[in-house]
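Worksheet: one structure, shown below.
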Amino acid sequence: MKKHTMWMFGGAMLAAGGLQAGEGLGYQDTPIITGTSYHVHDGERPQPRIIETAGAVVVTPPSDATILFDGKNLDAWTTDGGEAVWEIKDGAMVATKKAISTKEKFGAIQLHVEWRLPAERKVNGQKGGNSGIFLMGRYEVQVLQSHNNKTYPDGQAGALYGQLPPLVNATSPQGEWNSYDIIFVPPVYEGDSVKTPAKVTIIHNGVVVQNAESYLGPTSHKKLASYPKTHPDTAPIGLQFHGDPMEYRNIWVRPLGERDQPN
């Protein structure tokens with residue numbers, strides 16, 4: 001699991017290079033995404049409509065939540081099985097050096113995350129303001145400073161990276177906080193084949209940007225995603241270090257659970 005997770009983080013970090021198309025926004029030498037006429041990371045795909053919001057929706061963790069970061073320490077996180085290497089500054093943890101992942105493993109979850117990029121950081125497409133949330137260490141929800149910063153649509157904030165752009169671009173101005181509320185359900189297998197794909201709903205700054213969408217498979221860069229023959233029931237949540245000092249705060253997670261269970 002750990003090797004797979006770290007390979008996935010590393011693979012997504014390749015997004016800044018390669019054959020560019022259009023205005024340097026993406027690629028035209030990649031596979032066509034299943035069910036669409038667009039290439040993976042297609043720079044000519046229509047840009048999501050830009051909307052303005054009031055910014056991050058700050059949500060107090062409910063009583064059954066696991067607190068992953070409350071501004072005080074990195075006890076819930078690890079880097080390569082050791083101490084988490086990210087820094088804490090003014091109540092936020094700052095991406096540095098390497099990816100981190102949770103010590104605990106999760107399956108179907110509700111996840112709340114708040115993130116921002118410092119205002120003084122220079123950004124250009126995928127460069128300067130890039131990170132990512134990896135559900136089960138495999139399925140990326142893109143974190144990118146996408147306010148006044150164009151890139152290929154399946155690589156902007158709120159995208160299922162390399163698969164599906166967000167419905168709208170709801171990103172706050174640089175230097176201001178964003179929030180993600182993510183509802184994720186792992187794939188269901190029958191034998192070595194997928195019966196039901198992994199599904200995710202993403203609410204960005206109070207706006208639905210992914211509505212019960214299906215992942216085509218674990219996240220890849222410049223490749224068409226597909227499911228492996230085996231899959232764990234639970235796995236850590238990962239946060240990507242893409243070379244940029246993305247900041248995170250108020251991170252908590254809770255299991256989705258089932259109806260009609262005893263109290």
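What's the magnitude of the charge dipole for the chain around its Cα centre, counting Lys and Arg as +1 and Asp and Glu as -1 at the beta-carbon? Answer in Debye, nearest 20. Before the final figure, lay out each step's value.
Working: 24 positive and 27 negative charges, 88 e Å.
Charge dipole, the chain, about its Cα centre: 420 debye, nearest 20.
Taking θ = phi - 60°, what integer Hz values does the Karplus form 6.51 cos²θ - 1.76 cosθ + 1.60 yield along the range 220-233, in sequence order, with x for Gly and Pro?
9, 10, 6, 10, 7, 5, 8, 8, x, 7, 10, 7, x, 6
Starting from the amide H of residue 77, placed 1.01 Å from N in the peptide plane, find each other amide H under 5 Å away whose residue is 5 or more places distant or on another chain.
When sequence neighbours closer than 5 places are left aside, the close amide H contacts are 103.
Need the full-extension length gain, residue 119 to residue 90, defined as separation in residues times 0.36 nm minus the C-alpha distance. One decimal, nm. Intermediate results must be reported in sequence, preceding the final value.
On the way: separation 29, 0.36 × 29 = 10.44 nm, distance 1.51 nm.
Taking residue 119 through residue 90 to full extension adds about 8.9 nm, to one decimal.
Karplus couplings for the range 240-256 from phi (6.51 cos²θ - 1.76 cosθ + 1.60, θ = phi - 60°), rounded to Hz, Gly and Pro as x?
8, 9, 10, x, 10, x, 5, 10, 10, 8, 6, 9, 9, 9, 9, x, 5
Given a 1.4 Å probe and every protein chain left where it sits, what share in percent of the accessible area of the chain is carbon and sulfur?
Values: 6010 of 12090 Å².
Exposed carbon and sulfur together represent 50 percent of the surface.
Report, in whole Å, the centroid distance computed from the Cα atoms of the range 113-143 and the range 239-253.
7
Which value, in Å², gives the accessible area per residue of the chain when a 1.4 Å probe is used on the protein heavy atoms?
On the way: 12090 Å² over 263 residues.
Per residue, the chain has an accessible area of 46 Å².
Set the bar at 28 Å for Cα to Cα. Now go through 72/199; 98/195; 89/223; 72/97; 98/223; 103/150 and name every pair that lies beyond it. Show your work: numbers first, answer last.
Values: 72/199 32 Å; 98/195 34 Å; 89/223 36 Å; 72/97 20 Å; 98/223 23 Å; 103/150 35 Å.
Too far apart for the 28 Å limit: 72/199; 98/195; 89/223; 103/150.
Rounding to the nearest 20 debye, state how big the charge dipole of the range 144-237 is about its Cα centre with +1 on each Lys and Arg Cβ and -1 on each Asp and Glu Cβ.
Values: 6 positive and 7 negative charges, 57 e Å.
The calculated dipole for the range 144-237 is roughly 280 debye.
Using a Gaussian network model on the chain with a 10 Å cutoff between Cα atoms, which of 179, 131, 214 fluctuates the most?
214
The values are calculated or read from the model by the stated rules, or taken from the named source; none is laboratory data. Treat the numbers as computed from the prediction; the structure is a model and nothing was measured. Cβ sites come from the backbone with ideal geometry, for glycine too, and all protein chains shown count toward neighbours. Remember, those area values only see protein heavy atoms, side chains included, never the ligands or the DNA or RNA. Shrake-Rupley method; radii C 1.70, N 1.55, O 1.52, S 1.80 Å.
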